[in-house]
Amino acid sequence: MGTDIVFIHAPTVYDFRKKPIFYGPVSDVVPSSPVFEMYPIGFMTMSSHLEAAGFKTRIVNLAVMMLQDKKVDIEKVISKLDARVYAIDLHWMPHCHGSIEIAKIVKKYHPDSIVEFGGFSSSYFYEDLIQRPYIDMVMRGDSTELPHVKLMQVLQDGGNLEDVPNLTWKDGDGKVHVNEVTNIPEDLDWCMFDYGTMIKCTLRNRDIKGALPWLGWDRLPLTSVFTVRGCSYNCAECGGSHAANKRILCRNKPAFRSPEKLVEDMATIQSYLDTPIFVIGDPRQGGPDYVERLANEARRQGIKNHVAFEIFQPGNEQFFRTLQHGFGEYSMEISPDSHDEIVRFAMGKGYDNPSIEKTLTSAFPNGCVRFDVFYMTGLPEQTRESAIDSARAARSLWNAVGKDDKLFIYNAPFAPFVDPGSRAFEEPERWGYRFFARTLEEHRQLLENPSWKHVLSYETKWMTRDEIAETSYDAALELAKIELECGLTTQEAYDTRVERTEIARGLLHRIDDILLIKDEAERTQKLWDIKDEGERMMASTVCNKKDLDWDAGSIWSNGPRVVTGLIRSSWPFNRGKRRNQQC
């Protein structure tokens, strides 16, 4: 076979190009489009471990390919793949339509190969997934690098699949076997995290475009490293919270990557690419000395790439001074979700508004060159007025910092689905949610709706689904107005943003009217009549998505550094080091 295992990332909906869908603003505050074409970072770490063990891997981002070329025949692409195992991620629920449909196509063209699912949502719905005739295996857990190596060794050399931890599988008679989730590492220093592997595999497979993490990554690349798997916090709506990790992944406590290994990851990235590095997970979760060790090691190893951090709680001057010592300049982001402390406390984020302002005024004088703040609409205890007041609260934050300080504030709808496994999903009455979908199939069907509003899996005691959608647009307009009044945007940019928001709102209303048409053929035709207009509104619907971009050269401008990094990683000493890590 050409490849031992192919990792496949599907779009949210297959085939979105052939369906009249208006996505709306649900992805305005993430790098990817509403197709959510960003594949999980686990693809890279699993690939690194498998390659080190002698198995050939490939990443195929079908979602990116479909965005790049409206005419690409995905069935033809899949039919030409040649692998023993096809591993499809269902990490978060917005992919539950596309992933399942792609699995059907893979099994159609490769009936004798194994179709495997993995990821958070797969781990939650594993019993449903394994019953489907086109899915052979489900790998549960958050650290499946070593179980995948074991799986491929059993498939190659013979052995018993019962010995593969975390695996749910069918035998030759179709009987389902559920292996326990026992691979739950207590730390992450064993994990191989090497962008070089991704580059080498891409060159070997001669498929640069198909391996892109998301559309446009080659023009504005952003890399990531992770501090933790699991979480110390328990935000009500989060599928990655402590409660959700315990329920879905059997993880009772977070596992951390040591600061020294984290900086080693940064140095590896820096050897290949002069790109920003995003640090996943608040580094302070790792303990009282984690940040100091991180900063000291970064300074020692000379990390020059721009680094961005996310924090889950406010920060003080000492925290920011420590980061400045290690990285010089850096970026930061925090998600208070609402300015309303009642809403924030209901979600499990127990900090007040003065501490947010103090965080900003402490960060900018101490090395922070950019700070992103995120608010959302559709939360527990949140009324329409409260949601719009979050946009209004941006004025006080902008006034608290200097005119030249790059403070970006975003206000967008909460995710299309409340994460299964989160406390809010498991106890909706407690948090005031009413759900339109509970099962995997119900979520999958929601994604086929033509309007983003009708895709929402929830409404609350305080806002209906209609009110959440309308308020999202109203809050966006209020935020744009305040940004203009604070002198942070031009009149032309403001006018353009207002126009796009109102066009998007108008499309939403037009779709509502079309859905009332009883004749199916006429209804479908009218939806198709506005598809092109809807596609033009896929990005920057209520926010200026370009604000999310960090200044960076294209992947092509990094060519000489990539070549140097590949040569260095091929030295015998480094190859031996990688084998030792694998052992």
- How many nm separate the modelled label positions at residue 104 and residue 509, each set 7 Å beyond the Cα in the direction of the Cβ? 3.7
- Euclidean distance between Cα centres, region 405-476 to region 51-123, Å: 27
- Query: Each label point is 7 Å from the Cα along the Cα-to-Cβ direction; what then is the distance between the points at residue 466 and residue 352, in nm?
  - Reply: 3.9
- Part-to-part distance (alpha-carbon centres) for region 147-217 and region 242-297, which is given in Å: 21
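Any chance you could list the semi-axes, whole Å, largest first, of the equivalent ellipsoid that the Cα gyration tensor gives for region 401-463, using √(5λ)? Provide the component values of the computation, followed by the final result.
Working: eigenvalues 173, 53, 23 Å².
In descending order the semi-axes read 29, 16, 11 Å.
For 150, 200, what's the fewest-to-most ordering of other Cβ within 10 Å of each Cβ? Before the final figure, lay out the partial values.
Numbers: 150 19, 200 16.
Sorted ascending by nearby Cβ count, the order is 200, 150.
Tell me, 369, 60 in order of fewest to most beta-carbon neighbours within 10 Å? Intermediate values should be presented prior to the final figure.
Details: 369 15, 60 25.
The order, fewest Cβ neighbours first, is 369, 60.
Provide 191, 368 in ascending order of the number of other Cβ atoms located within 10 Å of each residue's Cβ, fewest first.
Working: 191 22, 368 25.
Placing the least packed residue first, the sequence is 191, 368.
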- Can you list, largest first and rounded to whole Å, the semi-axes you get for region 176-313 by taking the square root of 5 times each eigenvalue of its Cα gyration tensor? 27, 22, 15
- Message: Give the residue list of trypsin sites (Lys or Arg not before Pro) in region 22-101 that are DSSP loop and have at most 13 other beta-carbon atoms within 10 angstrom.
- Response: 70, 71
- Query: When N counts the residues of the chain, how does its alpha-carbon radius of gyration compare numerically with 2.2 N^0.38 Å, as a ratio?
  - Reply: 0.95
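Explain nothing, just the number: dipole magnitude of the chain about its Cα centre with +1 on each Lys and Arg Cβ and -1 on each Asp and Glu Cβ, in debye rounded to the nearest 20.
Numbers: 71 positive and 85 negative charges, 329 e Å.
Here the chain has a charge dipole of around 1580 debye.
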- Distance (nanometres) between label positions extended 7 Å along Cα→Cβ at residue 127 and residue 374: 3.1
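Specify, per residue and in Å³, the volume enclosed by the convex hull of the alpha carbon atoms belonging to region 222-414. Working shown, then result.
Details: hull volume 22.5 nm³, N = 193.
In region 222-414, the Cα hull volume divided by residue count equals 117 Å³.
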- Using the Kirkwood radius over Cα pairs of region 3-194, the Stokes-Einstein translational diffusion coefficient at 37 °C and 0.692 mPa s, in µm²/s and rounded to a whole number, is 192
- Item | Dipole of region 222-414, positive direction: furthest Cα of 326, 377, 394, with charges on the beta-carbon | 326
- Query: Based on the Cβ-Cβ distance of residue 535 and residue 289, what FRET efficiency does E = 1/(1 + (r/R0)^6) give at R0 = 51 Å, to the nearest 0.05?
  - Reply: 0.55
- Item | DSSP bridge orientation in region 3-194 - percent antiparallel, rounded to nearest 5 | 25
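We did not get these values from a lab; they are worked out from the coordinates using the rules stated. All values reported here derive from a predicted model rather than from experimental measurement. No Cβ is skipped: glycine too gets one built from the backbone with ideal geometry, and neighbour counts run over all protein chains shown.
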